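Chemist: Pasting a structure here, questions to come.
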Amino acid sequence: MTTKTIPAISIIIPMYNTEKYIGECLDSILAQTFKDFEVIVVDDCSTDNSCDIVEKYLKTGKIKLVCSQFNSGGAAVPRNTGIRLSRGEYVMFVDSDDIIMPAALEELFDIVEKFNPEVIHCLKFYDAPDGIINNQTAFTINDFAKKVAVKQPTMLSKNLVDRVEDYVNAKIWTAPWNYLFRRDFILKNDISFPDLNFTEDAIFIFYVLLLSETFLNVPNVFYIYRQTPNSIVRKVLQPEELIGRRGNSLFNGIPILDAFMQRFDFFQKNPQYKYKVFDFFARNHINCLLKLYTQIPAYQLDGLIRRELEQIEDKTALTAFLFNRMNVFNVNLIQQQNLIRQQQAQIQQLQQKLNQIQNLQNKNIL
């Protein structure tokens, strides 16, 4: 009689300085009603007691701790390491400051056995305040995709127009922790997280969305997202660091997306959808960077931006995108200015007519 050595699910946890949370995260996983899993914690050179805490859990036999040789500054490298070391039929990601509901894995694997999808995408999750999570009444449902909310598992259309539209209209969650991925699908398509400081997960999910045959939306709520003030997306950064992180991700992300989309005839025949993806990806970065122009003069930011641009090997896609966006912005600005002028002229005409009416009324009174 042979014993199964491959776990059903590999749970990958990137970790950096989360000593306050990692114990509760691991406790929530070990408390699962479904027991056929492994946990791979990949530490990104933490400087606190995070690793010491994880080491206390190694005796359970469920958890493996892997320590990186250098700090990558993000979650991409640890997650890729976890994928490489994973053995499960399916892979899921959990952030080290979050937790999952006790029946999470059982619910997800029930769906696997019924539908055998390459990707399970959960449309809802819980938001929880910072601190120890011991009161479920503090949770609030984050239903980010109300327009596509489903009451039962629903397979996503294979039509690329539909999938791209869902992506750019924020109907697809771009963080990987609210998913379950079939491992052989990830490996067969050589899908990995690009080494960026921000939005590397949005690119990863875009890869998954376009390459998967069976992408299943489900209504299950199993993930609890803790709103910590020092997370990568919430941490307040100094201008130089903000340019470094956001600029790096924007300037390198556009060429990465461009290279990927060149593999599809769809984008060659429908370039408007390629630009929709560029716009969606760039919007968040640009909005954050624009805030700097209210604080620091453009000429002072020049050197910081040049530093990031100099690191890009192929600037063609980025230059074309930014040049087009700049001209579209200018065209829209000119159109708005013309519209304002027309409205001002109409207001003047109406004012003149009003003056004429008032003059006539005054004459009649006299």
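The values are calculated or read from the model by the stated rules, or taken from the named source; none is laboratory data. What you see is a predicted model; the values in this text were computed from it and never measured. Cβ coordinates were reconstructed from backbone atoms using ideal geometry, including for glycine residues, and neighbour counts include every protein chain displayed. What goes into the accessible areas is simple: the full protein's heavy atoms, side chains included, and nothing from ligands, DNA or RNA. Shrake-Rupley method; radii C 1.70, N 1.55, O 1.52, S 1.80 Å.
Chemist: Can you go through Phe181, Phe185, Phe193 and tell me which one is open to solvent by less than 50 Å² (accessible area, probe 1.4 Å), in a helix (DSSP H, G or I) and farther than 17 Å from Asp279 by Cα?
Modeler: Values: Phe181 fails: in a helix (DSSP H, G or I); Phe193 fails: in a helix (DSSP H, G or I).
Among Phe181, Phe185, Phe193, only Phe185 is open to solvent by less than 50 Å² (accessible area, probe 1.4 Å), in a helix (DSSP H, G or I) and farther than 17 Å from Asp279 by Cα.
Chemist: Output the residue which, of all residues in the range 176-202 that are hydrophobic (A, V, I, L, M, F, W, C) and at pLDDT below 95, is nearest to Asn80 (Cα to Cα). Can you show your working first?
Modeler: Here is the first cut: in the range 176-202, the ones hydrophobic (A, V, I, L, M, F, W, C) are 177, 180-181, 185-187, 191, 193, 196, 198, 202.
The next check asks that each one be at pLDDT below 95; those that pass are 196, 198.
Values: Leu196: 12, Phe198: 15 Å.
Selected residue: Leu196.
Chemist: Shifting gears a bit: Looking only at residues that are part of a helix (DSSP H, G or I) and over 18 Å from Asp166 (Cα atoms) in the range 261-287, which one is most open to solvent (accessible area, probe 1.4 Å)? So that I can check it myself, show each step before the final result.
Modeler: In the first step, residues of the range 261-287 are kept if they are part of a helix (DSSP H, G or I); the result is 261, 265-269, 271-287.
Checking which are over 18 Å from Asp166 (Cα atoms) leaves us with 265, 268-269, 285-287.
Numbers: Asp265: 108, Gln268: 108, Lys269: 156, His285: 0, Ile286: 56, Asn287: 84 Å².
Checked the range 261-287; the qualifying residue most open to solvent (accessible area, probe 1.4 Å) is Lys269.
Chemist: Does Gln351 satisfy the criteria of being over 20 Å from Pro255 (Cβ atoms), modelled with pLDDT of 75 or more and more than 37 Å from the chain's Cα centre (by Cα)?
Modeler: On the way: over 20 Å from Pro255 (Cβ atoms): yes; modelled with pLDDT of 75 or more: yes; more than 37 Å from the chain's Cα centre (by Cα): yes.
Criteria met by Gln351.
Chemist: Next question, about the same structure. Within the set of pairs 6 or more residues apart or between chains, which connect a residue that is at pLDDT below 95 inside the range 114-131 to a residue that is among the hydroxyl-bearing types (Ser, Thr, Tyr) with Cβ atoms less than 6 Å apart?
Modeler: Phe125/Tyr223; Phe125/Tyr225; Asp127/Thr140; Asp127/Tyr225; Asp130/Thr228
Chemist: Moving on to the next point. Pairs only if they're at least six apart or on different chains, beta carbon under 7 angstrom, first in the range 94-113 and more than 24 Å from Pro78 (Cβ to Cβ), second open to solvent by less than 10 Å² (accessible area, probe 1.4 Å) and of a type in the set (Ser, Thr, Tyr); list them, first residue then second.
Modeler: Listed by first residue and then by second, the contacts come to Val112/Tyr90.
Chemist: Now a separate question. Examine the range 26-45 for a residue that is surrounded by 17 or more Cβ atoms within 10 Å (Cβ to Cβ) and more than 24 Å from Asp201 (Cα to Cα), and state whether such a residue exists.
Modeler: Looking for residues that are surrounded by 17 or more Cβ atoms within 10 Å (Cβ to Cβ) and more than 24 Å from Asp201 (Cα to Cα), one finds at least one in the range 26-45, hence yes.
Chemist: Against the condition touching a Phe, Trp or Tyr at 6+ places or on another chain (Cβ under 6 Å) and either crowded, with 17+ Cβ neighbours inside 10 Å or modelled with pLDDT under 85 (or both), how does Ile312 come out, does it pass?
Modeler: Working: touching a Phe, Trp or Tyr at 6+ places or on another chain (Cβ under 6 Å): yes; either crowded, with 17+ Cβ neighbours inside 10 Å or modelled with pLDDT under 85 (or both): yes.
Criteria met by Ile312.
Chemist: Additional query: In this structure, is Gly82 open to solvent by less than 10 Å² (accessible area, probe 1.4 Å) and in a loop (DSSP other than H, G, I, E, B)?
Modeler: On the way: open to solvent by less than 10 Å² (accessible area, probe 1.4 Å): yes; in a loop (DSSP other than H, G, I, E, B): no.
Against the criterion (open to solvent by less than 10 Å² (accessible area, probe 1.4 Å) and in a loop (DSSP other than H, G, I, E, B)), Gly82 does not qualify.
Chemist: Of the residues Leu209, Leu257, Leu250, Leu242, which is within 16 Å of Pro117 (Cβ to Cβ) and of a type outside the set (Val, Ile, Thr)? If you could, list the steps in order and put the result at the bottom.
Modeler: Numbers: Leu257 fails: within 16 Å of Pro117 (Cβ to Cβ); Leu250 fails: within 16 Å of Pro117 (Cβ to Cβ); Leu242 fails: within 16 Å of Pro117 (Cβ to Cβ).
Unique residue meeting the criteria: Leu209.
Chemist: Can you tell me which residue among Leu290, Leu242 is modelled with pLDDT under 75, more than 26 Å from Pro78 (Cα to Cα) and part of a helix (DSSP H, G or I)?
Modeler: Leu290
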